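The values are calculated or read from the model by the stated rules, or taken from the named source; none is laboratory data. What you see is a predicted model, and the numbers here were worked out from it, not measured in a lab. In this analysis, Cβ positions are derived from the backbone assuming ideal geometry, glycine residues included, and neighbour counts consider all displayed protein chains. Note: accessible area is taken over every heavy atom of the protein model, side chains too, but ligands, DNA and RNA are not part of it. Shrake-Rupley method; radii C 1.70, N 1.55, O 1.52, S 1.80 Å.
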Amino acid sequence: PLPRAPAWRRAAAASAPPPPAARVPASRHTLSRALWRGPPRVLRDAAKTSSAAEPAKPPAKDEGHKPSFLARSWAYIKHEAHHYKMGTILLYNDVRTAVPLLQRLLLGYNLSRREHNLLVRVVTDMLRLVPFLFFLLVPFMEFLLPVALKIFPNMLPSTFETKFQKEAALKRK
């Protein structure tokens, strides 16, 4: 048997509120796309400062002020960099999830439909990276990447798609 905790620790544990319920993804395969970090910082800060009786007010917009070209460009660059960073993280997590599935398939086991779809998607994403790497390895070729993406929109892996591209693909099906 395990030794009992001291009386002061047992009393502190009894008086402490229970921990909040953890958010558990539905399955192991949704974990790679469920990078949940809670509500955005703006909502968390508003929830801390606002009282129950007083609803949060939206910030006042300055109608006459337009951000400069430099500020808009910097915001766009930051947004795109974050988009590709998160796409890379999702692709890494998908590959990490698909490797054991590939091993199971090579050992002769059957995969479920969901596992098979995940494996097919990851393999096609990895094959889509081959021409993309060409643009990164050849010097100054990355400047032609937007042109190539305009001509071949499916060249990037599925984890790099935006919400609007996914909706458009669903409408086409």
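Here is a yes/no grid of residues against (1) open to solvent by 90 Å² or more (accessible area, probe 1.4 Å); (2) closer than 19 Å to Y92 by Cα:
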{"position": "V138", "(1), (2)": "no, no"}
{"position": "F143", "(1), (2)": "yes, no"}
{"position": "V147", "(1), (2)": "no, no"}
{"position": "M155", "(1), (2)": "no, yes"}
{"position": "K163", "(1), (2)": "yes, no"}
{"position": "E167", "(1), (2)": "no, no"}
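Close Cβ contacts (under 6 Å, 6 or more residues apart or on different chains) running from residues in region 157-170 that are closer than 16 Å to T124 by Cα to residues that are open to solvent by less than 40 Å² (accessible area, probe 1.4 Å) and assigned to a helix (DSSP H, G or I) comprise P157/L91; P157/D125; S158/D125; T159/G87; T159/L90; T159/L91; F160/G87.
Look at (1) more than 23 Å from the chain's Cα centre (by Cα); (2) modelled with pLDDT of 90 or more and you find that E142 fails only one, number (2). What tally of residues in region 114-133 results from selecting those that are open to solvent by 90 Å² or more (accessible area, probe 1.4 Å) and at pLDDT below 85? Going through region 114-133 one residue at a time, the tally reaches 0.
Here is a yes/no grid of residues against (1) closer than 20 Å to H79 by Cβ; (2) touching a Leu at 6+ places or on another chain (Cβ under 6 Å); (3) not acidic (D, E); (4) not in a helix (DSSP H, G or I):
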position	(1), (2), (3), (4)
P131	no, no, yes, no
F135	no, yes, yes, no
F143	yes, no, yes, no
V147	no, no, yes, no
T159	yes, yes, yes, no
F164	yes, no, yes, no
E167	yes, no, no, no
